[in-house]
Amino acid sequence: MTTRTLTAAHPASARLAALFAGVLGLGIIVLAGHVQAAALHDAAHDVRHATGFPCH
């Protein structure tokens, strides 16, 4: 018979992951808020074409 032991993630690592996600998300929002609208549109447009997603 095999016994498996499941362990939970360390609370500090979960907090660190949440902090990292929050900082990354806030950084993206701040950067997107300060970029020119045309540059943001062009970047999104290029990504759509690169992934094969129809955009027009």
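Quick note: the coordinates plus some simple rules give every number you see, no bench work behind them. Here the structure is a predicted model, which means the values were calculated and not measured. With ideal geometry, Cβ positions are generated from the backbone for all residues, glycine too; neighbour counts draw on all protein chains shown.
Starting from the eigenvalues of the Cα gyration tensor, five times each then square-rooted, give me the equivalent ellipsoid semi-axes of the chain, largest first, whole Å.
Details: eigenvalues 307, 82, 5 Å².
Calculated on Cα positions only, the semi-axes equal 39, 20, 5 Å.
Report the FRET efficiency, 1/(1 + (r/R0)^6), for Arg48 and His10, where r is their Cβ-Cβ distance and R0 is 30 Å, rounded to 0.05.
Working: r = 39 Å, r/R0 = 1.30.
With R0 = 30 Å, the Cβ-Cβ based efficiency is 0.15.
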### Task
Report the full-extension gain for the segment Thr3 to Val35: residue separation times 0.36 nm, less the Cα-Cα distance, to one decimal in nm.
6.1 nm
